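Notes to accompany the following structure.
The values are calculated or read from the model by the stated rules, or taken from the named source; none is laboratory data. Remember, predicted model here, so these are calculated numbers, not experimental data. Backbone-built Cβ (ideal geometry, glycine too); neighbour counts: all protein chains shown. To get the accessible areas, we keep the full protein, side chains included, count just its heavy atoms, and leave off ligands, DNA and RNA. Shrake-Rupley method; radii C 1.70, N 1.55, O 1.52, S 1.80 Å.
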Amino acid sequence: MAKKDGEKKKPKAPEPVLRELLRLPEGERIDLTAYDAGATPAGPTDKAAGLEATTALGPRLADLQERLYAASTAGDRRRMLLVLQGMDTSGKGGTVKHVIGLFNPSGCRIRAFKAPTREELNHPFLWRVMRALPQPGEIGIFDRSHYEDVLIARVRELVPHRRIGRRYGQINRFEQSLAEDGVTVVKVFLHLSYEEQRARLLQRLDNPEKHWKFSPGDIEERALWPEYRRAYEIALERCSTDEAPWYLVPADRKWYRNWAISKLLLEHLEALDPKYPPGDFDVEECRARLLAS
């Protein structure tokens with residue numbers, strides 16, 4: 001039906017702020033069974049729309065990344081750190097491939113944390129993390145992180161529980177110091193369901209080209225699912241702060257995971273709003289010299 005002359009258009013509903021929607025509450029008990037790993041909060045309608053929407057975010061992300069790096073050349077110390085945590089097969093590597101691929105790789109610092117080396121074990125647990133932090137103007141990505149030292153260390157009882165208890169406070173103080181030094185910390189828990197993990201592990205077994213990604217130890221780790229879930233709940237409860245909150249991203253749908261993390265990064269970069277620094281030279285004088293050369 002055509003609108004009558006003078007009839008006002010209804011204003012569009014404001015777009016939901018994803019970093020508010022996915023942010024976990026602070027100071028409250030976390031029960032991960034209460035969160036649907038297959039949900040798509042505020043997301044596109046389906047996979048095709050999700051892929052299109054993620055691609056559409058690329059130019060804006062790349063522009064903000066360039067501005068962040070450019071600002072650092074004039075002394076701006078700000079940078080961003082994306083921390084990815086989740087159960088095996090939750091998509092940490094996939095996020096690096098599909099989301100970080102939207103950025104200029106020369107401005108990214110990616111680190112995948114495996115079991116600590118002998119040298120790393122001879123230092124405090126945060127030592128290897130501090131060596132991998134992004135420099136001003138960069139975007140850092142941690143595939144696993146310092147949280148492994150309160151996750152697998154807790155489940156496998158690699159260190160005394162009393163020491164693990166102290167680590168939560170050390171992590172909070174460490175992340176606060178990062179924020180004070182200009183690091184925007186974006187911590188994402190990729191929430192995968194038990195059933196979806198089985199399906200993804202079976203896909204690796206059924207495809208010889210994916211056997212390199214599978215280990216029989218994955219089945220042993222899966223048997224400890226309840227213990228890992230509780231370890232994550234404790235870490236999410238104790239280490240979500242104003243300076244470095246946790247975001248829970250449902251990860252059963254890969255397309256939603258990629259869109260949501262891209263959107264989270266975009267919202268944080270837009271909040272930083274980095275600016276291109278002005279030139280410290282006479283533009284017209286340089287133009288005249290160049291034209292005369």
**OP:** Whole number in Å², please: accessible area per residue of the chain, 1.4 Å probe, ligands, DNA and RNA not counted.
**Re:** 56 Å²
Subject >> Carbon plus sulfur fraction of accessible area for the chain, probe 1.4 Å, in percent >> reply: 52 percent
**OP:** Determine, from the Cβ-Cβ distance of GLU26 and PHE281 and an R0 of 41 Å, the FRET efficiency 1/(1 + (r/R0)^6), rounded to the nearest 0.05.
**Re:** 0.30
**OP:** Show THR95, THR45 ordered by accessible area, largest first, where the area counts protein heavy atoms only and the probe is 1.4 Å.
**Re:** THR45, THR95
Original post:
List the GluC sites (Glu not before Pro) in the range 219-290 that DSSP assigns to loop (not H, G, I, E or B) and whose Cβ has at most 16 other Cβ atoms within 10 Å. Which are they?
Top reply: GLU243
Original post:
Ranked from the most accessible area to the least, with a 1.4 Å probe and all protein chains present, what is the order of VAL83, VAL283?
Top reply: VAL283, VAL83
**OP:** Could you tell me which helices of the chain pass both thresholds, a Cα extent of 24 Å or more along their own axis and a mean Kyte-Doolittle hydropathy of at least -0.5, with helices taken as whole DSSP H runs?
**Re:** 47-72, 254-272
Original post:
If r is the Cβ-Cβ distance from GLU15 to TYR168 and R0 is 41 Å, what FRET efficiency results, to the nearest 0.05?
Top reply: 0.75
Original post:
If the limit is 20 Å between Cα atoms, which of LYS114/LYS254; LYS187/LYS213; LYS97/LYS210; LYS92/LYS213; LYS97/LYS275; LYS187/LYS254 go over it?
Top reply: LYS114/LYS254; LYS187/LYS213; LYS97/LYS275
**OP:** From largest accessible area down, sort LEU102, LEU205; use a 1.4 Å probe on the protein chains.
**Re:** LEU205, LEU102
